[in-house]
């Protein structure tokens with residue numbers, strides 16, 4: 001009788017501990033065309049996220065019965081539930097289908113269109129796109145300078161007669177300071193664009209960078225001479241690999257591991 005009583009008490013506890021056991025689930029996303037890089041992997045139960053590497057491999061923390069969502073622009077979203085079989089697996093494969101939008105029927109009347117855009121554009125009378133450049137307006141292609149750039153121009157431009165302004169600003173060091181500010185602003189704009197490439201949660205879940213230290217981490221990346229070169233490639237995979245390598249060094253230098 002005492003043994004049965006202990007089993008009644010322990011069984012819910014054991015079941016609960018199994019449900020909340022954490023595992024780092026590894027797997028690979030696949031597709032027919034092989035374009036599986038940078039597919040987002042989201043655990044919507046725990047709100048943790050990951051991203052596949054160039055070959056489609058991923059790793060994400062899960063519990064039993066968690067729901068994972070796999071998504072990318074070129075694929076249909078796919079949801080899977082972490083069943084006991086998946087939880088016990090050493091690795092899983094997740095095939096994704098292309099997100100193709102197909103029409104059952106196309107109506108091209110009453111304009112005698114064929115449905116072939118390359119042919120139909122030749123017979124359509126379309127109005128030109130109106131922009132400042134098509135209208136031939138002055139300064140259509142001129143970029144609006146930033147506040148720091150305007151201040152630098154003011155500090156280095158001379159007036160009528162002896163150009164005292166550039167001389168005084170050069171002596172006081174204001175010109176040098178403004179040049180550094182312009183360089184800093186340009187670098188900050190580039191960094192801001194890079195941060196928008198990926199979900200904010202990835203910096204915490206994948207790179208293990210605390211949320212409150214994200215700005216400091218990107219400053220650490222900025223001072224690397226290779227940062228600008230990598231960003232200018234506009235290759236999201238190459239940029240992410242650079243951030244991964246820098247995160248290892250940053251965490252080690254700051255005792256975050």
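The values are calculated or read from the model by the stated rules, or taken from the named source; none is laboratory data. Computed from a predicted structure; not experimentally measured. In this analysis, Cβ positions are derived from the backbone assuming ideal geometry, glycine residues included, and neighbour counts consider all displayed protein chains.
General observations
This table checks each residue for (1) under 30 Å from residue 239 (Cα atoms); (2) at pLDDT 90 or above; (3) in a strand (DSSP E or B).
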residue: 27; (1), (2), (3): yes, yes, yes
residue: 55; (1), (2), (3): yes, no, no
residue: 87; (1), (2), (3): no, yes, no
residue: 106; (1), (2), (3): no, no, no
residue: 114; (1), (2), (3): no, no, no
residue: 125; (1), (2), (3): no, no, no
residue: 133; (1), (2), (3): no, no, no
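- Test for residue 151: is it surrounded by fewer than 16 Cβ atoms within 10 Å (Cβ to Cβ) and at pLDDT below 70: no
- Selection of first residues in region 217-236 that are at negative phi and of second residues that are not in a helix (DSSP H, G or I), restricted to Cβ pairs under 7 Å at least 6 apart or on distinct chains, gives the following pairs, ordered by first then second residue: 217/209; 236/38; 236/197.
- Boolean, residue 44 is touching a strand residue (DSSP E or B) at 6+ places or on another chain (Cβ under 7 Å) and modelled with pLDDT under 90: no
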